[in-house]
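K.L.:
Dumping the structure here so I can ask a few things about it.
What follows draws every value from the coordinates through simple rules; no lab data is involved. It should be emphasised that the depicted structure is a prediction, and the values quoted were computed from it without experimental measurement. Here Cβ is always computed from backbone atoms with ideal geometry, including for glycine, and neighbour counts include all displayed protein chains.
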Amino acid sequence: MGIIWTIIIVYMAAMIGIGLYAKTKIKDSNDYHLAGRRLGPIMLAGTLAATEIGGGSSVGVASKAYGEWGLSAGWYVVAAGIGILLCSFIAPLMRRAMATTVPEIIGRRYGTSSYAISSFLSFVASIALAAVQITATATIVHVLTGFDLTWAILISGVVVVFYTYLGGMWSVTLTDFVQFFIIVFGFAIAVPFALHNAGGFDSVISNLPPEQLGFTKIGWKTIIGLIILYFMTFSTGQEAVQRYYSARNEKTAVVGSLLCGILMSVYAFIPAFLGLIALAVFPNIDANNALATVSVELLPPLIAGLLLSGVISATLSSASGNLLAVASVYVKDIHGTVLKREVKPENELKLSKRLVVLSGIVAIVISLFSQAIIPLLVFAFTIRSTGPFAAYILGLLWDKVTPRAGLYSIVIGTVTGVGWQLAKEPYGIMAVIAGCVASLITFLLVNWIELKRGVPKAPTAFNSNDLSA
């Protein structure tokens, strides 16, 4: 255990060192929120992947594989990879818009009411997602140290708030780049060691219920639903879109997105298989502790330290991206446009850092009271995506849209998605799909009626100076 802790402490110290270095690159709020719009394709792919491969895609997938989903839990990440690949088609439009947030685009096209609602949804969802990543990190700390889970959450939360406060997007991007490749390498080499110490492949398989090995146990309806969910949430989620906005140019946004989707799909089933090994060897542990237990009990200390360092850093990095998203939405959208409170450009950076601290405290409190990982993750995806999805995507793709089409689709889609989730997803239809369909139908219907009546179309999402960027 001493070797594991030494590796983790050295690794975390190196990450904080990178964060301190990144802090020297920050001159204004544009650097803090968007890394000066200077990310190349490799850096973009790394930060996108590390942001999405966090608690849900590592600790959460291992937990689901240990529990009801079995091997098919890997589809959770494959679906995410496909979602990112689909985002590649609209990545150039995102970058061309020269925006900072998702609500900013919605506000340009559909007006203040749509702007305010989408800002609120993005703000709340990003805090909830930060809480998920703090919980995922805390489960590992809890298993490693024996600390009470409450203390593990508090420690993890304080670390991520400090980490984000330091360097904003530059800090997140540089550490993400290192973390993603370390976590993939760590997981890849962990499997053969874990298998060997668990008695070999045949021993593991013989100790598993046959249904846990079903490649599509979760069902194609769920798999397709997850792909739709991820496309929706990545194309409208602030922490992902903010990275597309940070790309050097439109081509970089596309190449980085394609590379990220491929890398995520390759990685997908590794944490699921580790979850199955945990089930075969440790059938009576808490499912959330599956990954950490395999690492501590079945891996050599050096490999365990590397793997857990990568997981801890990746989950913290995902939380960092979410906290930065909260700050960006508040400073760029809510504070000035919704609350009508002026903030001078030179004070934006200070306000952003304050918001990171405040939202971090709220995320810690949520984590203390709700220690779910994937359920809270899906709920956050639902509230931020179902309503704004049609308005945001069609607002980028389609010139002839009207303000009311955007507003009504945001309201109807959100109410439908949340209501469907609270109703326990009737007929087995995912809430995100129900909300998406309602949002899309509402948008198209209202837009058609208004254009027929001669209602003027909404202003463009791209300013004249944007098009030359």
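K.L.:
If you wrap the stretch 2-142's Cα atoms in a convex hull and average its projection over all directions, what's the area in nm²?
P.N.:
11.6 nm²
K.L.:
If you don't mind, another one. Normalise the Cα radius of gyration of the stretch 241-361 by 2.2 N^0.38 Å (N = residues in it) and let me know the number.
P.N.:
1.49
K.L.:
Then there is this: Using θ = phi - 60° and the Karplus curve 6.51 cos²θ - 1.76 cosθ + 1.60, what whole-Hz ³J(HN,Hα) does each residue of the stretch 58-67 get, with Gly and Pro shown as x?
P.N.:
Karplus-based 3J(HN,Hα) across the stretch 58-67 equals 10, 4, x, 5, 4, 5, 5, 5, 5, x Hz.
K.L.:
Related question: Loop-only check: which trypsin sites (Lys or Arg not before Pro) in the stretch 373-469 are DSSP coil with at most 13 other Cβ within 10 angstrom?
P.N.:
Answer in residue order: Lys400, Lys424, Arg453.
K.L.:
Per residue, how big is the convex hull of the stretch 63-143 when only Cα atoms are used? Give it in Å³.
P.N.:
135 Å³
K.L.:
Just to confirm a number: summing +1 for Lys and Arg and -1 for Asp and Glu over residues other than Ala91 whose beta-carbon lies under 11 angstrom from that of Ala91, what do you get?
P.N.:
+3
K.L.:
Additional query: Can you give me the Rg/Rh ratio for the stretch 386-460, using Cα atoms for both radii and the Kirkwood formula for Rh?
P.N.:
1.05
K.L.:
Tell me the Kirkwood radius of the stretch 275-329: reciprocal of the mean inverse pair distance over distinct alpha-carbon atoms, in Å.
P.N.:
In the stretch 275-329 this quantity evaluates to 12.7 Å.
K.L.:
While we're here: What number comes out for the charge environment of Ile106, summing +1 per Lys or Arg and -1 per Asp or Glu over other residues with Cβ under 14 Å away?
P.N.:
Local net charge: +3.
K.L.:
Another question about this same structure. Under a plain spin-label model, where a point goes 7 Å from the Cα along Cα-to-Cβ, how far apart in nm are Lys27 and Thr216?
P.N.:
About 5.4 nm, to one decimal.
K.L.:
What do you get for the angle between helix 374-385 and the principal long axis of the chain? Use alpha-carbon atoms, 0 to 90 degrees, nearest ten.
P.N.:
Orientation of helix 374-385: about 10 degrees from the principal axis.
K.L.:
Let me ask something else about it. 222 nm [θ] for the chain, helices only, -39500 (n - 2.57) per DSSP H run of 4+, per residue, to 500?
P.N.:
So the helix-based figure for the chain works out to -24500 deg cm²/dmol.
K.L.:
How far is helix 431-452 tilted off the main Cα axis of the chain, in degrees rounded to 10, range 0 to 90?
P.N.:
10 degrees
K.L.:
Same structure again: Treating the angle as unsigned and between 0 and 90°, give the value, to the nearest 10°, between the Cα long axis of helix 250-267 and the longest Cα principal axis of the chain.
P.N.:
Around 30 degrees separate the two axes.
K.L.:
Which whole-number percent is the relative contact order of the stretch 386-460 (Cα, under 8 Å, 6+ apart)?
P.N.:
Across the stretch 386-460, relative contact order equals 42 percent.
K.L.:
Continuing with the same structure: Just need the Rg to Rh number for the chain, please, alpha carbons only, Kirkwood Rh.
P.N.:
Taking Rh as the inverse mean 1/r over Cα pairs, Rg/Rh reads 0.97.
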